[in-house]
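Below is one structure, written out as structure tokens; the observations come after it.
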């Protein structure tokens with residue numbers, strides 16, 4: 001089978017609603033375990049019971065090998081997992097962040113705009129509290145603050161599993177937010193698939209996938225390229241608003257200056273000051289009159305000068321009085337002239353229209369995977385070359401072009417980042433009686449390069465790492481896991497894994513003496529890091545009754561971390577960090593779940609547990625640049641000589657859920673799940689600024705979150721509907737934890753990027769077996785985006801997408817659509833309780849790309 005996807009130029013406005021063909025949701029993949037009844041669930045974005053799965057199609061997915069498993073092992077963990085199959089959206093050119101938006105409890109944040117650095121949070125967590133796995137192997141690197149999900153390709157992906165609450169034992173570590181596991185496709189038969197696509201703003205995508213039997217197994221090779229110019233259009237009302245505000249201020253200043261000048265002339269005629277100059281003048285009514293009357297050589301000017309000289313005043317004093325502190329030099333039309341000049345040079349300013357600059361990216365990835373009934377060997381490579389757009393400064397003050405005209409061609413920095421990642425995975429699975437087990441080893445190498453050739457154009461004093469930097473990471477890991485049926489009522493799952501990561505850091509001005517006399521930056525900053533992780537986890541699923549419809553699943557976990565950071569040099573002047581510091585953290589945590597199959601349609605479930613999130617290199621040892629470890633020399637003697645690293649975050653979490661699988665709202669089939677959840681956390685990390693304008697992480701927060709999730713999938717004869725919704729209420733406090741402070745005194749503070757409401761609805765209409773028309777509506781509530789006083793709130797966002805898929809014959813189909821039909825993304829703003837300049841520019845720091853058209857032609861043969 002060979003598949004091609006060809007594309008034409010980006011569609012005009014009306015093409016988004018043309019006829020097309022949509023893939024019909026697949027209902028054949030997920031049968032529940034025998035004890036739970038033989039029900040089915042939709043494949044597109046379905047929320048399935050975590051016990052769901054047949055022995056062959058969806059058994060216990062430890063790592064990636066999907067060899068056939070014994071019937072008694074057709075169970076997963078007792079939590080809830082949402083399954084997304086990228087092939088169900090084929091031709092819509094969706095990325096991983098866009099697919100995750102349809103999962104309840106999940107929030108996607110475009111930190112630097114679409115296509116750039118993007119993170120994901122779950123149930124109000126931070127991005128660092130979410131584990132992202134690819135084929136069961138952790139993708140989060142210790143040197144990163146959080147996983148950038150924009151860098152994960154999904155072209156050769158079979159499914160995306162999103163776990164919340166109870167995390168299965170086969171994922172090493174305790175992730176308080178959740179776990180996202182991306183499972184690549186299993187090669188099964190000979191097939192060739194090629195695709196080409198195009199979208200707005202210079203978007204292009206190409207891909208080739210080949211599968212072929214080889215030996216006792218099969219081979220898959222995939223090569224893909226995505227790129228975009230990213231120079232989308234947006235409107236910045238802050239420019240004109242700032243201009244209007246400045247004009248008003250100068251108009252008021254003009255009135256004040258005129259009043260002051262008339263008052264100064266009054267003093268010239270006031271005899272009590274000994275001047276007594278009778279110059280016979282009337283009060284001026286405008287600065288223009290003042291300028292005309294006081295121009296050198298004018299009658300008024302000559303009369304005033306002659307009278308002053310006759311009265312014995314020197315020329316210098318008289319000139320000072322005439323100039324009225326140089327107010328006559330003020331040109332009330334200066335701002336208008338400047339504004340006119342800018343509009344002439346940049347016509348887009350006339351309508352407040354700008355184009356996002358330096359926002360491009362080029363993503364290339366390749367994968368090769370061989371697999372049989374026991375062995376799996378996989379290698380992958382990806383390279384990302386992207387511009388790094390500059391923030392929209394929040395002042396909007398048009399009197400300073402450097403800040404106000406950002407994203408005009410002559411006012412941008414051409415900062416770039418290049419990221420290259422290579423990884424290898426080898427694994428084997430076997431079944432021996434009641435034992436199903438496997439092992440794997442994996443290696444990952446990542447190189448990050450940053451460069452900013454324009455730095456000196458905007459900054460007179462280069463800082464360390466400001467012009468270029470290099471971060472090189474290597475991680476070696478291994479794991480053994482399995483499932484053992486001890487009896488008809490006990491199913492044990494176990495995991496033991498280990499990894500060691502090393503990171504070398506270098507950058508511009510590392511050898512300079514910029515911090516203190518006689519102290520080099522190589523003594524100041526860390527240039528080498530190590531982190532060793534070890535996880536040991538055991539889980540038991542216990543059948544509690546003869547009817548086999550009530551299960552208890554306890555789990556216990558031991559998690560260990562050892563982090564070390566080192567500088568190249570050592571100096572007695574360096575009172576911030578020692579030449580080498582290290583920290584060990586470990587703890588035992590537990591979780592338990594109870595599940596009841598009430599009847600063929602209703603399932604009830606509850607979970608409760610503790611967590612202990614081990615920190616990464618970035619959070620403990622810093623990034624070698626602006627993020628440093630906590631200072632180890634305080635005024636308080638009890639801290640003297642100690643390395644004060646932050647400690648892991650910990651707390652408890654729970655959820656209650658009910659799942660209905662049957663017929664609702666007249667649907668032929670439906671599955672609805674409602675979950676109520678909560679989490680209490682302490683020792684939450686927060687960045688704080690310390691001396692010398694550097695930042696450090698500290699355990700300064702505690703928090704609480706409660707909320708509800710709803711996921712529903714309905715199918716009628718010609719209609720499908722998928723919906724997801726989340727309501728969340730969060731509370732967070734921070735403490736005064738300075739060494740000489742008042743101790744653990746907590747203050748209420750906003751929880752950032754945690755909207756109260758978030759949801760999506762997708763509706764598909766299929767009038768016949770050739771045509772399908774679909775629409776999507778996504779909503780994100782307003783949320784806090786700044787924690788310090790004054791608080792800032794990001795506006796809500798509602799986007800609408802339309803598309804159609806039409807199958808012209810059995811081998812050819814066309815897909816066309818538009819995302820964010822009403823172009824709402826670039827209009828997102830923030831409001832503030834403070835700073836006056838916030839009224840001038842309310843745009844986000846990184847405006848979001850809005851209306852985007854795409855078109856795809858697919859051909860199979």
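Quick note: the coordinates plus some simple rules give every number you see, no bench work behind them. Because the structure is a prediction, the values reported are computed rather than measured. Every residue, glycine among them, receives a Cβ derived from its backbone with ideal geometry; neighbour counts consider all protein chains shown.
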**Item:** FRET efficiency for residue 562 and residue 798, using Cβ-Cβ distance with R0 set to 41 Å, rounded to 0.05
**Value:** 0.30
**Fill in**
Distribution output for region 410-481: share of Cα-Cα pairs per 5 Å bin in percent, first bin at 0, values 3, 13, 16, 11, 11, 8, 8, 8, 6, 5, 4, 3, 2, 1, 0
**Complete:** For 481, 488, 600, ascending order of other Cβ atoms within 10 Å (fewest first) is 488, 600, 481
**Request:** Mind giving me the nanometre distance, one decimal, between the label points for residue 437 and residue 381, set 7 Å out from Cα along Cα→Cβ?
**Result:** 3.6
**Prompt:** Going by average Cβ neighbours within 10 Å, how do the peptides 579-591, 717-729 rank, with the highest at the top?
**Reply:** 717-729, 579-591
**Prompt:** Using the count of nearby Cβ atoms within 10 Å as a rough guide to exposure, how do 812, 785 rank from fewest to most?
**Reply:** 812, 785
**Request:** Take the Cα coordinates of region 439-502, assign each an equal point scatterer, and use the Debye formula without solvent to give log10 I(q)/I(0) at q = 0.13 Å⁻¹.
**Result:** -0.61
**Request:** Go through 615-621, 769-775 and give me the packing order, highest mean Cβ count within 10 Å leading.
**Result:** 615-621, 769-775
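Tell me, rounded to the nearest percent, the portion of alpha carbon pairs in region 165-211 spaced more than 17 Å apart.
63
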**Request:** For a footprinting-style exposure proxy, rank 494, 458 by other Cβ within 10 Å, fewest first.
**Result:** 458, 494
**Extension gain from residue 263 to residue 544, taking 0.36 nm per residue of separation minus the Cα-Cα distance** = 91.7 nm
**Fill in**
So residue 680 and residue 506, fully extended at 0.36 nm per residue minus their Cα-Cα distance, gain in nm 58.7 nm
**Request:** Provide the gained length on full extension for the span residue 449 to residue 255, in nm with one decimal, where the gain is 0.36 nm per separating residue minus the Cα-Cα distance.
**Result:** 64.3 nm
